[in-house]
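The values are calculated or read from the model by the stated rules, or taken from the named source; none is laboratory data. Worth saying up front: this structure is predicted, and the values here are computed from it rather than measured. Here the Cβ positions follow ideal geometry from the backbone for every residue, glycine too, while neighbour counts run over all protein chains shown. We work out accessible area using only protein heavy atoms, side chains counted, and drop any ligands, DNA or RNA first. Shrake-Rupley method; radii C 1.70, N 1.55, O 1.52, S 1.80 Å.
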Amino acid sequence: MRRHQGRLRTLGALTGVLAAVALLLALPSSASKGPPHGGRTPLVMFPAYFFTTLSITVHHQTVAPECPASGSFRVFFQNDEPSAFSDVCRQKLLTLRYDAGPRKPMSRRFSDQRGVDVRIENYGKTESAPFYEPMYEALESAGYVRDRDIRVAGYDSRLTPDMRSFLSRTKRLIEDTYRDNGNRPVHLVGHSNGPLYIQYLLTHTSQRWKDTYIHGFTPLAGNFPGQGILYPLFFTGLDVTDFSLPTTEAAARSGAEMMLRSPSSYMSASDPRIFDHLETVVTDASTGKSYTPADYRKLFDDARLSWAKPIADYYIGFVDFADPSAFPNVDVYAEKGSGLETIVGIGLDNLAVGQVVDDSNTLLTRDGDANQEDLTNDAVRVWSAMRCFHFSLTDSPGVDHFSLPSNSGVLGRLLADLARPRSNCQA
């Protein structure tokens, strides 16, 4: 594993995303043809982690007395709106309460802070996930219409797909999209964490439902087995509006506490069943110890975070995908980037919650797409063993994680795949 010294400002390369709009004119002409059954295949997009716009309303909160007692703010990636709520206040108010009582199912042990209401803004509409404008525009250039045959299945990124009616809400959106577009099966597209939610849906619905409503599945760098960088984020926090690490101790502590109490953090952490000891995710300079994904329980014990182990045990590897019984059994057109140095771990000063990473810290890297490592992005190859259903994984060397959804080659293939008939696997 390569080691790299330097100040970590962001976990992924974000440049050039919007510039890709200009490249859409290079899309192959054949990609814009409609599917053989007539009309366009409708599409539902599942955004990446915190790429769904969340609207937060605060009513007389007392959990953070130093913050405004009432008011509102929005949270989503690349949001630069001014707010009366500081970064630290937003993180504290978004930190879920956790009830460790074993009598409750794990999915019911989490709740919002008292006086804090979180909802998905403009659910189902493209404006709920503005990062994907280049994709929407590419689809529009092929005749698609926003909010009719392009819809967005947003979700609260703190939560896992077994919570707050995700499954019923998403099924209803897909079924409505199917009916509103002439009973045409719907193609599901997900980016980063989005494919985890799609995979949960596909493994919690019947084959008959999928045969009726689903055209296919395009995961863009699907985070199916998790990624190593999540483990050090339990100690450093993460600014979800720009994916940078906090630069003050107060922001690092509130960010880390938010990560520790978000079940999706554990779902997104690298699964030892896939990663084992293949990467080091945390080193502790105070003791000289190193930790791999397989050591996660020891990591929490050594950090005096044993209370988090039941959450970790339940949600690490929560969305099964590698066992044949969990194959999606729909046509899959996977995409990934590669050839870019990707941070998978951090050398921490110690295992205290809320520490600032600076030039003295070692960044542990390996090949990937600048956000997710090769082990993560290649894990989906296991689906090549699906019987009858199509599977492909296309690599775009040098294309970073955040540029995949706006890359002209990726968008051209997406339009071509939307026009393909489904595999006939119902016999």
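Mind listing whichever residues of region 340-355 are within 21 Å of the chain's Cα centre (by Cα) and not polar (S, T, N, Q)?
Passing the criteria: 340, 341, 343, 344, 345, 346.
Can you pull out every residue in region 330-366 that is charged (D, E, K, R) and closer than 30 Å to residue 393 by Cβ?
The answer is 331, 335, 336, 341, 366.
Quick one: in region 68-86, which of the residues that are without any contact (Cβ under 8 Å) to a residue 40 or more places away in the chain and closer than 26 Å to residue 132 by Cα is least open to solvent (accessible area, probe 1.4 Å)?
The extreme case among them is 73.
Quick check: is even one residue across region 182-197 in contact (Cβ under 8 Å) with a residue 12 or more places away in the chain, farther than 21 Å from residue 416 by Cβ, in a helix (DSSP H, G or I) and aromatic (Phe, Trp, Tyr)?
yes
Across region 87-124, what is the number of residues that are buried (at least 16 other Cβ atoms within 10 Å of the Cβ), in a loop (DSSP other than H, G, I, E, B) and basic (Lys, Arg)?
Residues flagged as buried (at least 16 other Cβ atoms within 10 Å of the Cβ), in a loop (DSSP other than H, G, I, E, B) and basic (Lys, Arg) within region 87-124 amount to 1.
Working only within region 200-242, note down all residues that are open to solvent by 20 Å² or more (accessible area, probe 1.4 Å) and out of contact with any strand residue (DSSP E or B) (no Cβ under 9 Å at 6 or more places or on another chain).
Scanning region 200-242 gives 200, 203, 204, 206, 207, 208, 209, 211, 212, 239, 242.
Scanning for something more than 26 Å from residue 163 (Cβ to Cβ), of a type in the set (Gly, Ala, Ser), open to solvent by 70 Å² or more (accessible area, probe 1.4 Å) and touching a residue at least 12 places away in the same chain (Cβ under 8 Å), does region 142-150 turn up at least one residue?
No, every residue in region 142-150 fails to be more than 26 Å from residue 163 (Cβ to Cβ), of a type in the set (Gly, Ala, Ser), open to solvent by 70 Å² or more (accessible area, probe 1.4 Å) and touching a residue at least 12 places away in the same chain (Cβ under 8 Å).
Determine the pairs where a residue that is under 14 Å from residue 237 (Cα atoms), located within region 87-105, has a partner that is among the aliphatic types (A, V, I, L, M) and open to solvent by 70 Å² or more (accessible area, probe 1.4 Å) with Cβ atoms under 9 Å apart, the partner being 6 or more residues away or on another chain.
What qualifies is 92/63; 95/63.
Table: residues versus (1) among the acidic types (Asp, Glu); (2) assigned to a strand (DSSP E or B).
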{"site": "216", "(1), (2)": "no, yes"}
{"site": "219", "(1), (2)": "no, yes"}
{"site": "225", "(1), (2)": "no, no"}
{"site": "242", "(1), (2)": "yes, no"}
{"site": "251", "(1), (2)": "no, no"}
{"site": "254", "(1), (2)": "no, no"}
{"site": "259", "(1), (2)": "no, no"}
{"site": "264", "(1), (2)": "no, no"}
{"site": "278", "(1), (2)": "no, no"}
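When you check residue 172 against the structure, is it part of a loop (DSSP other than H, G, I, E, B) and open to solvent by 30 Å² or more (accessible area, probe 1.4 Å), yes or no?
no
Is there any pair linking a residue in region 305-331 that is free of Cβ contacts under 8 Å to residues at least 40 places away in the same chain to one that is open to solvent by 10 Å² or more (accessible area, probe 1.4 Å) and not in a helix (DSSP H, G or I), with Cβ under 9 Å and at least six apart or on different chains, and which?
325/203
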